[in-house]
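Read-outs: derived from the displayed coordinates by stated rules, not from any lab. The structure displayed is predicted, hence computed values, not measured ones. Glycine also receives a Cβ, built like all others from the backbone with ideal geometry; neighbour counts cover every protein chain displayed.
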Amino acid sequence: MLITLTLLVCMTGSPNECESVVIDFNGSFYECTLYGQMAAQEYLASHPKRYLKRYRCTSEPIGNHTNEV
């Protein structure tokens, strides 16, 4: 089963402007909960004008999203 890490990220200057970003995660739910924060940090390092509002590990994407690899 493919695990997805869904990040809810918002623009720093516009906190109401948010989007879901889905990252395919190669591992178990347990590993996703342990290492999901590190994956989120890597994403945020390459998108400095955004901040993480929340993240979630699921077996399928949640809502409208942008796929990331």
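Placing pseudo-labels 7 Å out from each Cα toward the beta carbon at Gln37 and Thr12 gives an inter-label distance of 2.1 nm. Annotation: amide H of Arg50 within the under-5 Å range of Thr12, sequence separation 5 or more or interchain, hydrogens built in the peptide plane.
Which value in Å does the Kirkwood hydrodynamic radius of the stretch 1-43 take, with 1/r averaged over all unlike C-alpha pairs and then inverted?
For the stretch 1-43, the Kirkwood estimate is 11.2 Å.
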